[in-house]
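The values are calculated or read from the model by the stated rules, or taken from the named source; none is laboratory data. Every value quoted in this text rests on a predicted model; they were computed, and no experiment measured them. Cβ coordinates were reconstructed from backbone atoms using ideal geometry, including for glycine residues, and neighbour counts include every protein chain displayed. Ligands, DNA and RNA are excluded from the accessible area calculation, which covers all protein heavy atoms including side chains. Shrake-Rupley method; radii C 1.70, N 1.55, O 1.52, S 1.80 Å.
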Amino acid sequence: MYSNKLGRLMFGLKGLKVTSACGAFERTAARSGFSWAASNHTYTPTDLSYQTIQSSVRSAVHTTVDHGEVKRFQLLANKWWDEEGEFAALHAMNDLRVPFVRDNLLNAQRERHPGQPLAGLRILDVGCGGGLLSEPLGRLGATVLGIDPVEDSVRIAQLHAAHDPDLRDRVSYQACTLEELSGEGEPQQQPEQGVTQFDAVVASEVVEHLADLDTFAICCSHVLKPGGSLFITTLNKTNLSYALAIVVAEQLLHIVPRGTHDWEKFISPVELERLLESNGFLVQSVQGMLYNPISGAWSWTNNTEINYALHAVKQDDEAQDGSSPSGGHDEATHS
């Protein structure tokens with residue numbers, strides 16, 4: 001289906017003059033509130049005015065929940081397990097993100113459990129949706145808690161996991177926010193007493209939908225054990241990510257529903273790394289990801305201009321005191 005759409009798109013573009021094609025693209029961008037002038041500015045760690053604006057906006061929120069996003073995903077809750085539907089790209093992404101989590105956790109583990117390599121590890125899946133990532137991690141032996149503020153998505157996740165006897169004692173779900181779980185939320189809203197510490201937190205295709213990334217980073221630190229891993233996949237904030245993730249994927253090919261993404265919420269690897277390291281994390285690796293709409297498959301790439309995966313580790317207090325502001329790590333080409 002997508003290959004036919006892409007073929008029609010490319011055929012149509014060949015029949016257009018370059019100037020008219022660019023003009024059409026710019027008009028589409030303008031209607032979406034996208035500014036080429038703003039997007040062409042590369043924000044660096046020394047861009048203090050940008051940091052100040054971003055920090056003031058985020059610190060005034062103090063919640064990860066964007067209620068507009070909650071309503072949007074509420075309407076899609078029954079479609080999580082349609083592998084050819086709106087979440088097809090997320091199903092396909094498991095081919096990359098599951099090994100990414102597994103292999104990085106195994107590198108830090110001394111014990112080996114053949115057949116269940118993640119046995120003995122507790123993983124928190126933030127923004128779990130219908131459990132698309134929680135289930136495969138549970139099948140690898142991990143004890144997984146998936147949380148999501150959309151109650152209908154949690155209900156779908158629970159119903160789907162109930163069909164697999166191997167998951168009943170390993171995967172559980174809870175309708176709550178990250179700040180409620182970590183103890184940062186309203187006291188009357190906290191679902192449990194005390195904070196359970198996890199070996200890993202996973203937030204895959206989540207941070208670009210959150211209202212406050214500072215609160216997100218603080219809460220992740222609260223629920224992670226010292227030395228625990230944080231795994232994030234998200235979208236970079238570049239011209240190319242706008243063109244492909246919004247104009248092409250949403251408006252032209254309809255790979256995901258229109259309005260799924262807000263380019264203003266995208267975040268560069270550099271800014272995300274700076275945010276995490278200011279909250280006690282040390283970034284270990286950043287790797288680009290590329291989606292092929294024709295094959296419906298994801299692949300790793302050295303370029304992070306569109307999608308990327310990040311692995312960070314929570315430092316203990318002593319490590320934080322002795323670490324430099326910018327630790328070395330394996331990284332792809334940041335854009």
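Please verify whether Leu282 is modelled with pLDDT of 95 or more, at negative phi and open to solvent by 40 Å² or more (accessible area, probe 1.4 Å), treating the condition exactly as stated. Against the criterion (modelled with pLDDT of 95 or more, at negative phi and open to solvent by 40 Å² or more (accessible area, probe 1.4 Å)), Leu282 qualifies. If you go through segment 122-145 and keep only what is open to solvent by 50 Å² or more (accessible area, probe 1.4 Å) and free of Cβ contacts under 8 Å to residues at least 40 places away in the same chain, you end up with Arg139, Thr143.
Residues being of a type in the set (S, T, N, Q) and open to solvent by 30 Å² or more (accessible area, probe 1.4 Å) are represented in segment 224-243 by at least one member.
Based on this model, can you work out whether Ile294 counts as open to solvent by 20 Å² or more (accessible area, probe 1.4 Å), assigned to a loop (DSSP other than H, G, I, E, B) and more than 28 Å from Thr63 (Cβ to Cβ)? Yes; evaluated as a whole, the condition is true for this residue.
Conditions (1) over 16 Å from the mean Cα position of the chain (by Cα); (2) among the hydroxyl-bearing types (Ser, Thr, Tyr); (3) on the phi < 0 side of the Ramachandran plot, marked per residue:
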site: Arg72; (1), (2), (3): yes, no, yes
site: Gly115; (1), (2), (3): yes, no, no
site: Leu118; (1), (2), (3): yes, no, yes
site: Val126; (1), (2), (3): no, no, yes
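Each row is one residue, and each column tells you yes or no for (1) of a type in the set (Asp, Glu); (2) modelled with pLDDT under 95.
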{"site": "Glu186", "(1), (2)": "yes, yes"}
{"site": "Gln197", "(1), (2)": "no, yes"}
{"site": "Val202", "(1), (2)": "no, no"}
{"site": "Leu210", "(1), (2)": "no, no"}
{"site": "Asn239", "(1), (2)": "no, no"}
{"site": "Val248", "(1), (2)": "no, yes"}
{"site": "Leu252", "(1), (2)": "no, yes"}
{"site": "Pro257", "(1), (2)": "no, yes"}
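Pairs are defined by a Cβ separation below 6 Å, a sequence spacing of at least 6 or placement on different chains, a first member in segment 229-242 that is outside any strand (DSSP E or B), and a second member that is open to solvent by 10 Å² or more (accessible area, probe 1.4 Å) and aromatic (Phe, Trp, Tyr); the pairs so defined are Tyr242/Phe34; Tyr242/Trp263.
When segment 260-273 is limited to residues that are open to solvent by 30 Å² or more (accessible area, probe 1.4 Å) and not charged (D, E, K, R), the one that is modelled with the highest pLDDT turns out to be Val270. Is one or more of the residues making up segment 152-166 within 19 Å of the chain's Cα centre (by Cα), small (Gly, Ala, Ser) and within 20 Å of Ala88 (Cβ to Cβ)? Among the residues of segment 152-166, at least one is within 19 Å of the chain's Cα centre (by Cα), small (Gly, Ala, Ser) and within 20 Å of Ala88 (Cβ to Cβ), which makes the answer yes. Annotation note: of Ala157, Ala119, the sole residue that is surrounded by fewer than 22 Cβ atoms within 10 Å (Cβ to Cβ) and among the small types (Gly, Ala, Ser) is Ala119. Against the conditions (1) closer than 21 Å to Asp125 by Cα; (2) open to solvent by 10 Å² or more (accessible area, probe 1.4 Å); (3) not charged (D, E, K, R), Phe216 satisfies every one except (2). Tallying residues that are open to solvent by 80 Å² or more (accessible area, probe 1.4 Å), outside any loop (DSSP other than H, G, I, E, B) and either among the aromatic types (Phe, Trp, Tyr) or more than 14 Å from Ile156 (Cα to Cα) (or both) within segment 73-112 yields 2.
Here Glu151, Glu180, Glu111 are screened, and the one residue that is without any contact (Cβ under 8 Å) to a residue 24 or more places away in the chain and closer than 24 Å to Phe216 by Cα is Glu180.
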